[in-house]
Structures are given as structure tokens and as C-alpha cells.
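First comes the structure, then the notes that go with it.
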Amino acid sequence: MRTRLLLATAAATLAFAAPAAAAPFTDVGPFSGPAGQITLGGANSAAPAQIDWGLAGGVPNPSLQGRLFMDNVPGVQARVRVVNYDNAVNHNLLGTQNGAIRNGVAGLAVFGVNSPAFGGAAHQHVQIVVNGAVVATAICTMGDPTC
């Protein structure tokens, strides 16, 4: 009986002492488009957005959370695009997620960015698209704390 208790205690101790998995979050930016007037950030334009890699059974299910800041750009349209790849080495395209098109105004407009989880993607290119053209890109890989 004592032997079983010691073995169970040892197994539980090893389970807690195991090394942590890859970082579950990656900070994105903040980064800006033309003249710094369109920024992807977090709680404010100087804080990073975040990718939650959402590991489920070892399979990444990343989602991006942040805010798109458009400062005094009336008539300009912008969106955030996330391009998903299997990993940084093979770089096989899995799919692209286009956020909603947002319209700039005279003054500051702030829009939430919440991309849905994308199963299997371990590498992402997060892009700011302004009037149909990519103006800034952050290249992010699961396990890297920043991009």
C-alpha cells in the first residue's frame, strides 16, 4: 500500500514538474500603416494585439484579438487580414481570414478585431489592408512571444 502511495505521489510530482508547452499567446505589434494613422494594437494604440494559439490536443487553433485604430482618415477603408499557414518551415497556405472593412472618419475611430479560431495554423501573417492594398505585415509563429 505504501509503495502505491509513493508511486502515485511521484507521478503527480512529475506531472507538475514537466516543462511548459509553447507560449500560448503571441504579442502582435502594435504596428501601423501609412503615416501611422492606421494602427493594429491592443487595449490602446501603443499596446500589442494578441494571438491566442488555443492549443487543443496539441493542435493550434489561433485567434487574433485587438483593435484597429483609424486616426483622422476620412474616406479611407481599412481591414485586418490574417493569412494562415501550417508552419514557418513548410509554409503551406491553409486559408485567409478577412476582417470587416472599416471606414475612417475625421477624428479617431476604433474597431474591435477578433478573428475566429483557425484550426491547424501554427504560423500567421497579420496584415493591415488599406484601400485594397497591404500596407503592413507582422509575421507570427506559435511559440514566439512577439511578432
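Read the figures in this text as sums done on the coordinates, not as results from a lab. Computed from a predicted structure; not experimentally measured. Don't worry about glycine lacking a Cβ; one is built from the backbone with ideal geometry, like all the others, and counts go over all protein chains shown.
Would you mind counting up the charge near residue 73? Only other residues with Cβ under 14 Å from its Cβ, with Lys and Arg at +1 and Asp and Glu at -1.
Surrounding charge for residue 73 is +1.
Using each residue's phi in the range 116-130, evaluate 6.51 cos²θ - 1.76 cosθ + 1.60 at θ = phi - 60° and report the 3J(HN,Hα) Karplus result to the nearest Hz, with x for Gly and Pro.
Here the 3J(HN,Hα) series is x, 4, 10, x, x, 7, 10, 8, 9, 10, 9, 10, 9, 10, 10 Hz.
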